[in-house]
Amino acid sequence: MKTTVFSTHKFEEPHLVAANKGKHELNLLDVRLTEITVSLAQGADAVSLFTSDDASTEVLDKLSAFGIKYIALRTAGYNNVNTKKAAELGIKVSRVPSYSPYAIAEHTVALILALNRKLIRSHNRVRDMNFSLNGLTGFDLNGKTVGVMGTGKIGAILVKILHGFGCKIMTFDTSEDESLVEKYGVCYTDCKTLCSESDIISLHVPLTPSTKHLINDKHISLMKPGVMLINTSRGGLVDTKAVIQGLKSGKVGYFGMDVYEEEEGLFFEDHSDEILQDDVIARLMTFNNVLITSHQAFLTDTALTNIADTTIYNLDCFEKQIDSGNEVANN
């Protein structure tokens with residue numbers, strides 16, 4: 001099957017080639033799929049997309065006009081695809097529902113520890129031959145209350161890790177996982193209570209209309225002074241401007257983010273020779289109690305191998321006209 005692979009990054013290319021084993025004709029492109037670049041998909045049977053690719057109505061219309069009937073996402077999320085329009089055009093969409101929830105959960109803990117123990121600031125000091133410990137005081141995770149919003153695969157693994165640190169864990173989700181209650185003493189509660197009683201809050205819910213800007217002025221006002229906020233889920237869950245105000249007032253004491261609501265066209269690219277045009281993230285970068293990674297949480301060898309294997313498997317199933325079990329519901 002001829003497949004145009006958009007947004008191919010150097011870190012994933014060898015994994016895709018190895019998983020493919022020469023079965024499909026992959027045209028690996030480093031450019032994002034947009035209305036401008038969609039013409040590069042002409043002659044293909046399918047396209048493969050990453051998180052920052054645009055599969056909106058206009059783009060899907062053009063893909064359909066080129067005769068493309070399949071989209072193989074290399075992500076779990078699919079909020080960048082107009083699935084209703086894809087269904088109308090007869091374009092089937094598959095995804096990678098799970099690649100390594102451990103990778104995301106472990107990166108979340110890395111952000112928590114790095115912010116708490118001020119590791120970045122400490123490292124920079126030592127490189128400047130400054131071995132002073134002033135201003136580097138952290139806190140024990142043991143005994144702290146951590147609010148985990150969302151107890152799916154990633155949230156459940158995070159709960160397990162945090163339990164090992166001796167944390168008291170509160171959770172908020174539409175459905176309760178009784179095994180987490182039994183094994184780790186998790187307390188399910190409502191969003192308001194979680195915000196008001198947690199020392200650390202970590203987000204692990206999908207981005208939907210109801211969760212858009214879940215962290216906003218209202219919920220921040222309920223939080224403890226100096227709260228630590230971590231987002232390794234979806235950028236749109238956080239009203240970034242509200243967090244900036246929280247950081248300025250001291251209400252938010254630490255902010256770790258691996259995702260950003262305006263990351264499209266910014267993350268995954270080298271802009272070191274350019275003037276940063278995004279004033280919001282530029283302001284975030286001025287805080288010494290903010291740690292930003294550019295959608296890096298998934299980036300482990302295990303995850304990349306699983307993503308590639310599942311993507312090629314989905315293409316195999318498209319070609320054979322069989323159900324992979326990874327199709328996205330068109331709604």
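Observations on the model:
- Residue, farthest from L115 (Cα to Cα), within the range 130-158, restricted to residues that are of a type in the set (A, V, I, L, M, F, W, C) and touching a Cys at 6+ places or on another chain (Cβ under 9 Å): M149
- The requirement of being assigned to a helix (DSSP H, G or I) and either within 17 Å of the chain's Cα centre (by Cα) or crowded, with 17+ Cβ neighbours inside 10 Å (or both) is not satisfied by G253.
- Near pairs, Cβ below 6 angstrom, 6+ apart or cross-chain, from the range 206-232 (over 15 Å from G147 (Cα atoms) and in a loop (DSSP other than H, G, I, E, B)) to any residue that is acidic (D, E) and open to solvent by less than 50 Å² (accessible area, probe 1.4 Å): H213/D239; N216/D239
Let's see how each residue does on (1) surrounded by 18 or more Cβ atoms within 10 Å (Cβ to Cβ); (2) of a type in the set (S, T, N, Q):
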residue	(1), (2)
K153	no, no
M170	yes, no
E182	no, no
G185	no, no
S198	yes, yes
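- Filter result for S175 (under 22 Å from the mean Cα position of the chain (by Cα), outside any strand (DSSP E or B) and over 27 Å from Q296 (Cα atoms)): yes
- Note on the range 83-127: enclosed helices (runs of 4 or more DSSP H) holding 1 or more residues that are open to solvent by less than 10 Å² (accessible area, probe 1.4 Å) are 83-89, 101-116.
- Of all residues in the range 13-40, those that are over 25 Å from K62 (Cβ atoms) have Cβ atoms under 7 Å from Cβ atoms of residues that are open to solvent by 60 Å² or more (accessible area, probe 1.4 Å), 6 or more apart or on another chain, in A19/D309.
- Residue count for the range 148-168, restricted to those that are under 22 Å from the mean Cα position of the chain (by Cα) and not in a helix (DSSP H, G or I): 5.
- Residue list for the range 231-250, filter: crowded, with 20+ Cβ neighbours inside 10 Å, more than 23 Å from K118 (Cβ to Cβ) and not small (G, A, S): R234, L237, D239
The values are calculated or read from the model by the stated rules, or taken from the named source; none is laboratory data. Note that the structure is predicted; figures quoted are calculated from it, not measured. Note: ideal-geometry Cβ built from the backbone for every residue, glycine included; neighbour counts use all protein chains shown. Ligands, DNA and RNA are excluded from the accessible area calculation, which covers all protein heavy atoms including side chains. Shrake-Rupley method; radii C 1.70, N 1.55, O 1.52, S 1.80 Å.
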